[in-house]
1. Of B:ASN74, B:ASN233, B:ASN109, which is the most mobile in a GNM of chain B whose springs link Cα atoms less than 10 angstrom apart?
2. Can you give the calculated 222 nm mean residue ellipticity of chain B, where each DSSP H run of n ≥ 4 adds -39,500 (n - 2.57) and the sum is split over every residue, rounded to the nearest 500 deg cm²/dmol?
3. Using mean Cβ contacts within 10 Å as the protection proxy, how do A:356-367, B:45-56, B:158-169 order, highest first?
4. What net charge is computed for the residues neighbouring A:ALA307, neighbours being all others with C-beta under 15 Å from the C-beta of A:ALA307, Lys and Arg scored +1, Asp and Glu -1?
5. Normalising by the residue count of the range A:85-162, find the relative contact order in percent from Cα pairs under 8 Å and 6+ residues apart.
6. For q = 0.13 Å⁻¹, what log10 I(q)/I(0) does the range B:79-301 give under the Debye formula with an equal point scatterer on each alpha carbon and no solvent?
7. Using only Cα atoms, locate the centre of the range A:221-241 and the centre of the range B:384-418, then give the distance between them in Å, rounded to an integer.
8. Sum up the charges of everything whose Cβ sits under 14 Å from the Cβ of A:GLY346, counting Lys and Arg as +1 and Asp and Glu as -1, but leave A:GLY346 out.
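Just so it is clear, none of the values below were taken in a lab; they were calculated from the coordinates. The structure presented is a predicted model; accordingly, all values stated were derived computationally and were not measured. Backbone-built Cβ (ideal geometry, glycine too); neighbour counts: all protein chains shown.
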2 protein chains.
Amino acid sequence: MRMGPAAGRPASLAECRRRDLADPLGPLVRRFRQPRAGIYLDGNSLGPPPRAAITAVRRALEAEWAGELVSGWNTADWIGLPARTAARIAPLIGARPDEVAVADSVSVNLFKLAAGALALRPDRRVLLAVEGDFPTDGYMLQGLAGLRPDLRIRKVAADRLAGALDGEVAVLVASHADYRTAALADLPGLSRRASEAGALTLWDLSHTAGLVPADLAAAGADMAVGCGYKYLNGGPGAPAFAFLARRHHEAFANPLPGWMGHAEPFAFAPGYAPAAGAARLMAGTPPILSLTALHAALEVYDGLDPADLLERSRQLADTFLARAGPALEAHGFTCVSPPGRGDRGGHLAFSHPHAYPVVQALIAAGVTGDFRAPDLMRLGFSPLTLTRAQAWEAAVRLERVMDSGAWRDPAFAERRRVT
Amino acid sequence: MRMGPAAGRPASLAECRRRDLADPLGPLVRRFRQPRAGIYLDGNSLGPPPRAAITAVRRALEAEWAGELVSGWNTADWIGLPARTAARIAPLIGARPDEVAVADSVSVNLFKLAAGALALRPDRRVLLAVEGDFPTDGYMLQGLAGLRPDLRIRKVAADRLAGALDGEVAVLVASHADYRTAALADLPGLSRRASEAGALTLWDLSHTAGLVPADLAAAGADMAVGCGYKYLNGGPGAPAFAFLARRHHEAFANPLPGWMGHAEPFAFAPGYAPAAGAARLMAGTPPILSLTALHAALEVYDGLDPADLLERSRQLADTFLARAGPALEAHGFTCVSPPGRGDRGGHLAFSHPHAYPVVQALIAAGVTGDFRAPDLMRLGFSPLTLTRAQAWEAAVRLERVMDSGAWRDPAFAERRRVT
């Protein structure tokens, strides 16, 4: 990857400010609460609060829960809130509203879809997954295999997926973007290749939803899951989403068929009858306060072109690289993210032998990134919530932390943080 | 059941007020936001907001999410919030803190425990359940059977459970209180009988937690699930809880082994290693805003004796019955809840051929109860949030609705409400 100044990259803080002012997406940052101090490069892990989300949750506490009590299911339309939230996510991932459900967590949704997919390919026994993919996805597949001893989980390196798609594979489970390096999978190509091999695809969009358009329908993808609290800014532990292509709706049986996925939840019928469309992927009662935050957070996407957001995120990363390049090279960082701008998602990952204390020192200097074991510093460039001026300034502070040796303070090496 | 005046029941509104004033638990109602108008007899379906819960969620929005961003996992101890919440639930159900996990929904937790229990009884294939039990519990068992075609679900009437506990039964799944009638199961007796038969017990405490002490450890129960938003007042769709007796911790494998149930979630290890104790029942990232409300709501139980709460709930129901009895009898209501005070939970259910419009008319008259198909009016007597004077006044308003024929207004017969 080219680190340092380059054609098209800003060459000064003043130029960053000029470009920020000229950017039609620039005013969007005002729709978010800004960090009290510092620069937040971890929106890829937990997005900052949209002002609309804070307002909506306050209203849910006061006007809805306190004001309406159980009637809120009707008067505040809590019962329709998952579908209204799904409808806001659908255009961001190239889906139709009835192909998306908002429910539970990414992990639980992955289990539902993987288990349900197996029943659609009853003559196949292999789940194909990626070595080093996000761990919880692998844990959930192990859990499923514990219930279905006939299953086999085949793990291969990301660049060997296409070749591993043989006639035994029921489902390919893979992330759209690698959580460490942000490397993007070839979602359209692998979806097509899987389809030709008679396998289904289950994509984890956690590290791309709201940033890199997945265009699921155009790609012919079968299923997907994704996270509500990273680029979508839905708040800590926001409910997740699940995508199920319309062509599978009739045949798909949710293995966790809770009452919220029932065609008539309040009929209290003894037998299960699935709701129409992806809504059958719901299970139990959704956490309304957290779901309210997610629903309101998604309002900011109204009328935006996802492609513009991706371009803006890449300009933010380029801005950081333009200023930070020489310091990164001088201090022994290696960028492990793909060099090609079009090959990666919204963050940059750098390996460094002392990545843990470096990240802590950087946080102390007012720039929040995160550490991922064993030796990665991740810096995220969320397009909605950051300015080019902040990306530039983050590079300045990183240089200072490294040049001054501030990161060598033994306090930064103590492993107290969980994230 | 004795409806109408009786020894020990208040005989007037003035007497209700005197007793309210003399009751040491009386001041607790001030810790809840009171309905803007009317009397709320549906805390068994959705509890009203404790003031502490509203304050805590506001703080989570402002000081934690907006103020700390991703650092909130550490500085606001979001990572420890499920365990801190579990520790507040444990004494209410007769469990030790490490025997309780707070996660997901009742439905999803039931699936985890039922599926995991089967592996503890590998030579048995029968799930024993109750005819007419809460539907979503049955749906989840059906979902499990869809993944495990060797399973059989045996449904029997509640009064035939003991006889059905033969050597084929792996797990008995039953509610502590019937969601329609509030009839209490013999939890200690059935737990003992199941244990003698070599079966495990999985109790659904959704309609008793926070009201009828389950004393799970004393009863020798193996597993349980329960709801955070009914008597526990955790807010709409609050996370649920799961109980796993300590003797099963080592052997129990969560079939939905998400990263939050991992021994070291942030190590991102490729292999799953369960957390110690019931924490292994967690799956994905918890919805922090909704969980914050539940955690704060439980503060009100600090220092209370669960037995006192149950007695207070029964006095509230007695108060209602003392005043409403003659009107209930005159207007064709039949109480389907058990006649014995000690045999039921916190609500009373009455069948009536026109229960639906009657409940709607009662809501219009400022008394919120709920309708359950096909013909039940449910009125709940939550011990923390109601006064005897309100229970009396509710009876007065019900009499008025019936005597005046107000419920015959055709508008009340239109089925628009989902709950």
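1. B:ASN74
2. Numbers: 13 runs with 140 residues, N = 419.
After summing the helix terms and dividing by residue count, I get -10000 deg cm²/dmol.
3. On the way: A:356-367: 21.7, B:45-56: 23.4, B:158-169: 15.8.
Peptide ranking by packing, descending: B:45-56, A:356-367, B:158-169.
4. Residues close to A:ALA307 contribute a combined charge of -2.
5. Working: 67 pairs, mean separation 20.5, N = 78.
About 26 percent, as a whole number.
6. Rounded to two decimals, the profile gives -0.68.
7. 42 Å
8. On the way: positive: A:ARG180, A:LYS230, A:ARG312, A:ARG314, A:ARG341, A:ARG344, A:ARG378; negative: A:ASP42, A:ASP178, A:ASP308, A:GLU311, A:ASP318, A:ASP343, A:ASP370.
Net local charge, A:GLY346 excluded: 0.
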